[in-house]
1. Can you give me the three principal axis dimensions of the stretch B:27-184 from its C-alpha atoms, in Å, biggest first?
2. Give the dimensionless ratio obtained when the Cα radius of gyration of the stretch A:209-270 is divided by 2.2 N^0.38 Å.
3. Of A:Ser47, A:Ala220, A:Val66, which is farthest along the charge dipole of the stretch A:5-295 in the positive direction, counting Lys and Arg as +1 and Asp and Glu as -1 at C-beta?
4. Bins of 10 Å, beginning at zero and ending with the bin holding the largest distance: percent of Cα pairs per bin for the stretch B:8-299, please.
5. Roughly how crowded by other chains is peptide A:237-250, in terms of the mean Cβ count from those chains within 10 Å of each of its Cβ atoms?
6. For Cα pairs less than 8 Å apart in space and 6+ apart in sequence, what is the mean separation divided by the residue count of chain B, i.e. the relative contact order in percent?
7. Two decimals is fine: what's Rg over Rh for the stretch B:218-330, C-alpha atoms, Kirkwood radius as Rh?
8. Taking amide H atoms as placed 1.01 Å from N in the peptide plane, list the residues 5 or more away in sequence, or in a different chain, whose amide H sits under 5 Å from that of B:Leu129.
2 protein chains.
Amino acid sequence: MNLALHSPLDMHLHLRQDEMLDAVAPLSAKYFAGGVVMPNLIPPINSIERLLWYKAEVKRATAPYVFEPYMTLFFRSYTFSELEEARRNIIGVKLYPSGITTNSEGGVQDLSLIEPTLSMMQELDIPLLVHGETNGFVMDRESEFCRIYQLLASKFPGLRIVMEHITTRDAVVLLDRYENLFATITPHHLLTTLDDVVGGLMNPHLFCKPIAKRPEDRDALLAAALSAHSKVMMGTDSAPHPTNMKESHGCAAGVFSAPIALPLLAELFERHNALDRLQAFVSSNACRIYRITPREKEVRLIKQSMIIPASYLSIVPMWAGYEISWSFEA
Amino acid sequence: MNLALHSPLDMHLHLRQDEMLDAVAPLSAKYFAGGVVMPNLIPPINSIERLLWYKAEVKRATAPYVFEPYMTLFFRSYTFSELEEARRNIIGVKLYPSGITTNSEGGVQDLSLIEPTLSMMQELDIPLLVHGETNGFVMDRESEFCRIYQLLASKFPGLRIVMEHITTRDAVVLLDRYENLFATITPHHLLTTLDDVVGGLMNPHLFCKPIAKRPEDRDALLAAALSAHSKVMMGTDSAPHPTNMKESHGCAAGVFSAPIALPLLAELFERHNALDRLQAFVSSNACRIYRITPREKEVRLIKQSMIIPASYLSIVPMWAGYEISWSFEA
């Protein structure tokens, strides 16, 4: 069995910088036509100057592949002219509630302070991408944040808001309640629950933020993805860390999945007789929601088993060593 | 400030075997007057012969300290004469629902099969110690098992049943409902929640089974321990693994706390103005519940800060490198 995907897009991607960028960027660029590149470097990408530098870096590291880097700015209080100037070089602005995820220590603490910038983004039609977690108990952070999603969605009805890497039924439910709320979902949150992280042996390579939740949450995400709900998009949130940062006393958050995301999804969608929805989940929905037209790039998959590599350079992917039933056509 | 504890007991302890036994046994024997030694070796301690061998091993490894090893048998279907013979050498029989915790693959799968042995234990007044987790979702396993605790407690009203290392409010609630239900509580479950395991960086050295639960569960455990509820006993569930089994791709379950449990508890109980209850929690309750009289052994603590060692031989303790405000008197 074969499957041709047209211009698959990774709508949430961490490419890092320097050696790590050079290591991981080709692994995304080979199999995707584009990706939304997260701005949480140290220091973050929060000026036009850094944005243009980073975009050039990503372009350099993904060459010669056909791969469009959809850049993002790290949220801060921007002026209208800053946003206006940035607009043609970004797909959106990424908001991290402070200190909640890797390298987001410079993020926003008081949501009332962000309203002027959100108004301008609404006026300029720049989407807002949100890491939606409070600083509460780890299993409740996203559900607690849903209150803030609702607040933002009703206060800025003209602002497209993307709930990034959602993990709960509570977030899925909001999609049908607010016209301007959208979401990305990762492959790993479709395939795992907290049981896979700490239910047997503890698996640092499935540890990420937001953490995988309960089976009923995973089922709600699955239902949305497998039906290719018109407001959801695939974003891997692929977040590489060197092995020594993962298998250690204090393991960094992040699952590395970019080079295997599409075969994982082909296997999952086929198992649920939903292969005909995969194109929408990995590309068409995103094109419509973000109003983008990536260059045509056909990525061909085949139902032929592969063993997920033990590592890509120094980075251990999710499910390293497992056999899955789909792979890329050679 | 000083504190003298009389014959503190660790009512749930993993001493392992061979080199690991030699490494950890003195660390318990130095600071406790005795401990309930778990039988989950490979193969398990499930015959008189292995029991006597293991008891001799533990005695050898804890010499010359004053330390009484309260031995346990690994649950299986025993004959009356086996139990009668074992009786004078054990404090109880430990039941592991199959495959749920480290080295418990030989445990019991169908609870209806265990009733004949439980009847004999009731007749012989041998306590039943239970690792109470179903094979459900990791955050629900103990709460789901409470149904089985209730079943056992009502079916065998003359059998003392110890709910080991409880982690939930649901289990605490059962203490007041069934006269024959008792519990051990670990220091780490009084001091941590799932947030400490996976809420920030992932911490393999706080990963154990049952996993630390929600803040409201921790609060219920704290209330029971700080009031020295007459049916609760301190058991560290100290469970050493070499560092390479913890900081790895698949991290083994177990928190190593034996050599620091008493200073940790002194700090905790003092913070809550409950130092006067610590003697009951770490010794008197256990003596009354199990009807044991350990040899007198005074263990003196002092309010003087200590840094928890980075490791004890190859074993990393909980909170390695943290400063706590109490220590053992030199």
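1. Principal-axis extents of the stretch B:27-184 (Cα, largest first): 43, 34, 29 Å.
2. 1.32
3. Working it through, the farthest residue towards the positive pole turns out to be A:Val66.
4. Percent of Cα pairs in each bin: 6, 30, 39, 22, 2, 0.
5. Working: counts 0, 0, 0, 0, 0, 0, 1, 1, 1, 4, 8, 7, 12, 7.
For this peptide, the per-residue mean of nearby foreign Cβ atoms is 3.
6. Details: 675 pairs, mean separation 62.7, N = 330.
Reported relative contact order: 19 percent.
7. On the way: Rg = 15.4 Å, Rh = 15.5 Å.
Rounded to two decimals, Rg/Rh equals 1.00.
8. Answer set, sorted by chain and number: B:Val93, B:Lys94, B:Leu95, B:Val162.
Taken together, the values in this text are just the output of simple stated rules run on the coordinates, not laboratory data. Because the structure is predicted, anything quoted here is derived from the model rather than measured. Don't worry about glycine lacking a Cβ; one is built from the backbone with ideal geometry, like all the others, and counts go over all protein chains shown.
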